[in-house]
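S.K.: Okay, here's the structure, questions in a sec.
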Amino acid sequence: MTKYLIGVILLISGGYGVFKAWPLLAGPSLSISTPEEFAEVTGSIVTVSGVAARITRLALNGLPLGYDQQGYFSSTLTFPQGGSILTVEAEDRFGRSVTLTRTIFVPYAY
């Protein structure tokens, strides 16, 4: 009976350890809310927003991007007419990174 009790305790302890270590094992996560992929933007002003988790660094097109304690970020940029690619990169404290891109189009004004 004691062996089973010790086994159950070890199983529960191991499960709890995995649960608590999951953020370290999972690495960074990133999602972009706006703009949508292949968005056609009226005007040339675009707001890039989303949320990142388990990160220490966030960049938009290679430049640092601020975020709050919950990982929400937002930045407003101006783009020329034509197509543009936005690249958002998040990195965790272990150097693991995730990158998302969005392609947008600003129509030519005639």
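S.K.: How would you rank T99, T2, going from fewest to most other Cβ atoms within 10 Å of each one's own Cβ? Numbers along the way, then the final one.
M.R.: Values: T99 11, T2 6.
By the 10 Å Cβ count, ascending: T2, T99.
S.K.: Can I ask one more? Pull up the DSSP beta bridges for the chain and report the antiparallel fraction as a percent, rounded to 5.
M.R.: Numbers: 28 of 30 bridges.
Antiparallel bridges: around 95 percent, rounded to the nearest 5.
S.K.: On C-alpha positions alone, give me the angle between the axis of helix 2-26 and the longest principal axis of the chain, in degrees, nearest 10.
M.R.: 20 degrees
S.K.: Give me the net charge for the shell around S49: Cβ to Cβ below 12 angstrom, other residues only, Lys and Arg +1, Asp and Glu -1.
M.R.: Around S49, the surrounding residues sum to -1.
S.K.: Ok, one more. A53 versus T103, label points 7 Å from Cα toward the beta carbon: distance in nm?
M.R.: 3.0 nm
S.K.: Expressed in nm to one decimal, what extension gain is obtained for the pair I12 and T76 from 0.36 nm per residue of sequence separation less their Cα-Cα distance? Numbers along the way, then the final one.
M.R.: Numbers: separation 64, 0.36 × 64 = 23.04 nm, distance 4.73 nm.
Extending this stretch completely gives an extra 18.3 nm.
S.K.: Taking 8 Å as the Cα distance limit and 6 or more residues as the minimum spacing, I'd like the relative contact order of the chain as a percentage. Let's see the in-between values first.
M.R.: Working: 194 pairs, mean separation 31.5, N = 110.
Rounded, it is 29 percent for the chain.
S.K.: Right, another one. Once you place label points 7 Å from the Cα toward the Cβ at R96 and Y4, how far apart are they in nm?
M.R.: 3.8 nm
S.K.: Okay, moving on. Using all C-alpha to C-alpha distances in the chain, build P(r) with 10 Å bins and read off the rounded percent in each one.
M.R.: Spelled out per bin, shortest first, that is 13, 34, 21, 13, 9, 6, 3, 1, 0.
No value in this document is a laboratory result; all are computed from the given coordinates. Note that the coordinates shown come from a computational prediction; the quantities given were computed from them, not determined experimentally. In this analysis, Cβ positions are derived from the backbone assuming ideal geometry, glycine residues included, and neighbour counts consider all displayed protein chains.
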